Amino acid sequence: MNDESTSETHPAPSGLGGWLILVGLGLIVAPIRQLNLLVQTYPPIFRDGAWEVLTTPGSDAYHPLWAPLLIGEIAVNLAFVGAGIVLIVFFFQHSHKFPTLYIVVAIASVLFIITDAWLGSLVLPDEPMFDPDTARELGRSVFAVAVWVPYMLVSKRVKNTFRDVPEGF
């Protein structure tokens, strides 16, 4: 059998099928999880007076890094929600930008978790840098990078689904 008949009888995989279904499900769940985490974590800090205790010089819990750390966490998490929404749009539009942006966001997530844990350890030096929740999130993010980044880089389905479509098609 020559290559032409093989490609005719076994067309290259394309479209939002195969393992891309799992990627798509993860994309849809990620911003929902992120928003849920934001809503559960940060509004209570401002409602119950914790913000004042943490950010007022002279209080027992004061540290000069509390305010920038908390504001930074909120801002970066909101940016990840926004990036997640953009990824969903690119995914369903089959945009050629999707694989690259997916890889950037996945790696940025790992770097953010590590950086945030390190900054948190500066504020709370007696606490472990990676508490169980942080370690779980880091593990989840590292797993996603280890599995999905290589998939984005070598998968024929990804290459065929998210490629530039010539004008007129």
Exercise. Taking T134 as the residue in question, decide whether it is farther than 18 Å from L25 by Cα and in contact with a Gly (Cβ under 9 Å, 6 or more places away or on another chain).
Key: yes
Self-check item: Selection from region 38-60 of residues that are within 20 Å of D133 (Cβ to Cβ) and surrounded by 14 or more Cβ atoms within 10 Å (Cβ to Cβ)
Solution: L38, Y42, I45, A50, L54
Quiz item: What is the one condition in (1) in contact (Cβ under 8 Å) with a residue 24 or more places away in the chain; (2) assigned to a helix (DSSP H, G or I); (3) open to solvent by 40 Å² or more (accessible area, probe 1.4 Å) that H63 does not satisfy?
Solution: (2)
Exercise. Evaluate region 157-165: report whether one residue or more is open to solvent by less than 30 Å² (accessible area, probe 1.4 Å), β-branched (V, I, T) and part of a helix (DSSP H, G or I).
Key: yes
Quiz item: Quick one: what pairs do we get from region 119-136, first residue among the aromatic types (F, W, Y), second surrounded by 12 or more Cβ atoms within 10 Å (Cβ to Cβ), C-beta under 6 Å, 6+ apart or different chains?
Solution: F130/A117
Practice problem: Kindly indicate the residue of region 87-106 that is exposed (fewer than 15 other Cβ atoms within 10 Å of the Cβ) and among the β-branched types (V, I, T) and also nearest to V39 (Cα to Cα) among those meeting that condition. | Solution: V89
Quiz prompt | Residues within region 108-126 that are open to solvent by 70 Å² or more (accessible area, probe 1.4 Å) and under 30 Å from T161 (Cβ atoms), tallied | solution = 1
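Test R136 against the criterion of being among the basic types (K, R) and assigned to a helix (DSSP H, G or I), and give yes or no. Show your work before the answer.
On the way: among the basic types (K, R): yes; assigned to a helix (DSSP H, G or I): yes.
For R136, the condition - among the basic types (K, R) and assigned to a helix (DSSP H, G or I) - is met.
The values are calculated or read from the model by the stated rules, or taken from the named source; none is laboratory data. This structure is a prediction, so every number in the text was calculated from the model and none was measured. Quick reminder, even Gly has a Cβ in these numbers, built from the backbone with ideal geometry, and neighbours come from all protein chains shown. The accessibility values were calculated without ligands, DNA or RNA, using every heavy atom of the protein model including side chains. Shrake-Rupley method; radii C 1.70, N 1.55, O 1.52, S 1.80 Å.
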